[in-house]
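One structure is given below, encoded as structure tokens.
The values are calculated or read from the model by the stated rules, or taken from the named source; none is laboratory data. What you see is a predicted model; the values in this text were computed from it and never measured. FYI the Cβ positions are ideal-geometry reconstructions off the backbone, even for glycines, and counts take in every protein chain you see.
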Amino acid sequence: MGARHVLIVEDERPIREMIAFGLKRAGFEVREAEDCLGARVAIADRRPDVLLVDWMLPDTSGLELTRALKRERETRDLPIIMLTARGEEHDMVLGLEVGADDYITKPFSPRELIARIKAVLRRADGAGHEELLESGGVRLDRAGHHVSIAGCGIALGPTEYRLLEFFMTHPDRVYSREQLLDRVWGGSVYVEERTIDVHIGRLRKALAGHGCDRLVQTVRGSGYRFSTRVET
């Protein structure tokens with residue numbers, strides 16, 4: 001595998017060049033953009049392996065860019081790390097809720113940034129290339145598009161299959177209805193948020209016959225998660 005490609009979206013040139021210098025020394029291939037429009041052009045030209053996005057940009061905020069990219073089918077799995085001077089918990093939560101894979105506050109050391117980039121790449125590689133997923137007794141074969149529990153095949157509709165696949169590649173994290181609609185259906189399709197409840201119900205019903213419906217958990221006031229942890 002060649003050098004991993006990082007796109008830096010940062011309007012302050014000295015910061016952008018400092019980040020680029022450190023990443024190039026670490027063996028990454030680097031491209032730069034100073035605003036969201038430039039980032040869009042760069043992504044269309046060549047999709048990066050990781051996107052570093054500053055929160056405050058001159059045309060559209062990095063937050064809005066992240067939200068938009070996570071809604072689009074072509075870029076929803078693109079790993080994104082937000083760079084910002086806003087270190088309050090509320091801002092960190094907001095960044096993660098719109099779909100950022102990680103969040104790092106300024107000032108940060110090059111070593112920390114590189115470590116975080118490598119971490120999101122490992123997670124993305126694992127989610128993107130692992131063809132056999134297993135958790136809590138559920139076995140999902142991506143190559144065969146087949147789901148089974150204890151050797152018994154489970155009949156799922158296409159939407160329920162995509163939901164389960166998404167959940168199993170993103171375990172133990174709570175997703176709101178809006179986030180699930182964005183990540184599973186994609187932003188180009190209009191679907192009522194309550195539709196997610198119907199498909200969650202169908203997925204649970206399919207898993208219930210084998211005692212695995214407990215894996216799809218409702219988090220009151222927040223959304224849903226897939227977890228093998230027993231909730232009390």
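Might you let me know whether region 190-207 holds any residue that is in a loop (DSSP other than H, G, I, E, B) and closer than 15 Å to GLY99 by Cα? No, every residue in region 190-207 fails to be in a loop (DSSP other than H, G, I, E, B) and closer than 15 Å to GLY99 by Cα. Here GLU72, GLU17, GLU32 are screened, and the one residue that is in contact (Cβ under 8 Å) with a residue 60 or more places away in the chain, over 20 Å from ALA115 (Cβ atoms) and outside the structural domain of SER176 (by TED's automatic domain parsing) is GLU72. Of all residues assigned to region 203-226, at least one qualifies as being surrounded by fewer than 17 Cβ atoms within 10 Å (Cβ to Cβ), of a type outside the set (A, V, I, L, M), closer than 28 Å to PRO79 by Cα and touching a residue at least 40 places away in the same chain (Cβ under 8 Å). Among the residues of region 191-200, are any surrounded by fewer than 13 Cβ atoms within 10 Å (Cβ to Cβ), β-branched (Val, Ile, Thr), without any contact (Cβ under 8 Å) to a residue 40 or more places away in the chain and outside the structural domain of GLU97 (by TED's automatic domain parsing)? Taking every residue of region 191-200 in turn, at least one turns out to be surrounded by fewer than 13 Cβ atoms within 10 Å (Cβ to Cβ), β-branched (Val, Ile, Thr), without any contact (Cβ under 8 Å) to a residue 40 or more places away in the chain and outside the structural domain of GLU97 (by TED's automatic domain parsing). Just so you know, in region 1-33 the residues that are closer than 19 Å to THR105 by Cα and among the basic types (Lys, Arg) include one that is farthest from the chain's Cα centre (by Cα), and it is ARG13.
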